[in-house]
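Chemist: Starting off with a structure, shown below.
We did not get these values from a lab; they are worked out from the coordinates using the rules stated. Everything numeric in this text was worked out from a predicted model, so none of it was measured. Positions of Cβ are backbone-derived with ideal geometry, glycine not excepted, and every protein chain shown enters the neighbour counts.
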């Protein structure tokens, strides 16, 4: 599933490629991927801005919004033509310039919403993990009185939006926090360290255009390279790059979780 760095990469590319474009035709190959408010139409609508909140991409139109969450296998590709091979192609958007925005989704979990009210789609989405309004103090405040484990807390998008399995594992490793630590057991120093390291992890991944493990591609069909720099994620059975202890994999909140048992001891 694309996480914040992958979605940010896509947003930056889309801004360069289709800001100002005007929709002229929409072809739903699989209509289940598209959810539209009644009485709205895309024809003639212009893309004025493209933004991101957590893992959501927001197309600000001259009237209304297109909002998408790519889920497990969604891809947005910009091309000058529609390929003959339409395998997994779900939606085709045509622009006045002749460009196409193509939406692919192998597993059909993703959605593109056409709505007049963006909050209707984003109402359960918390503050963005890289928002300027999220500082160390607010990060700590969001954790106050939480009794859950730290990994499920970070996975819950209603608190902080954008984190997923990859970048939580990497952030917890750098902060030397065991993924099964209760939020309430984190000291102010540990929370401060986690805030700092999580930002570093996300920004470094963005600089490498995200992590391509299976389905993620950029808008031109390219790949990210951050997967070459993982320290714990998918490295179970390999030596820790810090202490040589074997990286282990467990399940926390039903999610596969990678950590170093020496660097990330319980109750540090």
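Chemist: Residues of segment 202-221 being surrounded by 13 or more Cβ atoms within 10 Å (Cβ to Cβ) and assigned to a loop (DSSP other than H, G, I, E, B), which ones?
Modeler: Matches in segment 202-221: 208, 209, 210, 211, 212, 213, 215, 216, 217, 218, 219.
Chemist: Hey, can you tell me all the residues within segment 252-268 that are without any contact (Cβ under 8 Å) to a residue 60 or more places away in the chain and within 21 Å of the chain's Cα centre (by Cα)?
Modeler: We begin by selecting, within segment 252-268, every residue without any contact (Cβ under 8 Å) to a residue 60 or more places away in the chain; these are 254, 261-262.
If the condition is that a residue be without any contact (Cβ under 8 Å) to a residue 60 or more places away in the chain and within 21 Å of the chain's Cα centre (by Cα), then 254 is the only one that fits.
Chemist: A further question on this structure: Please tell me if residue 195 is in contact (Cβ under 8 Å) with a residue 12 or more places away in the chain, under 15 Å from residue 142 (Cα atoms) and part of a loop (DSSP other than H, G, I, E, B). First the steps, then the outcome.
Modeler: Values: in contact (Cβ under 8 Å) with a residue 12 or more places away in the chain: yes; under 15 Å from residue 142 (Cα atoms): yes; part of a loop (DSSP other than H, G, I, E, B): no.
Considered against the rule, which asks whether it is in contact (Cβ under 8 Å) with a residue 12 or more places away in the chain, under 15 Å from residue 142 (Cα atoms) and part of a loop (DSSP other than H, G, I, E, B), residue 195 comes out as no.
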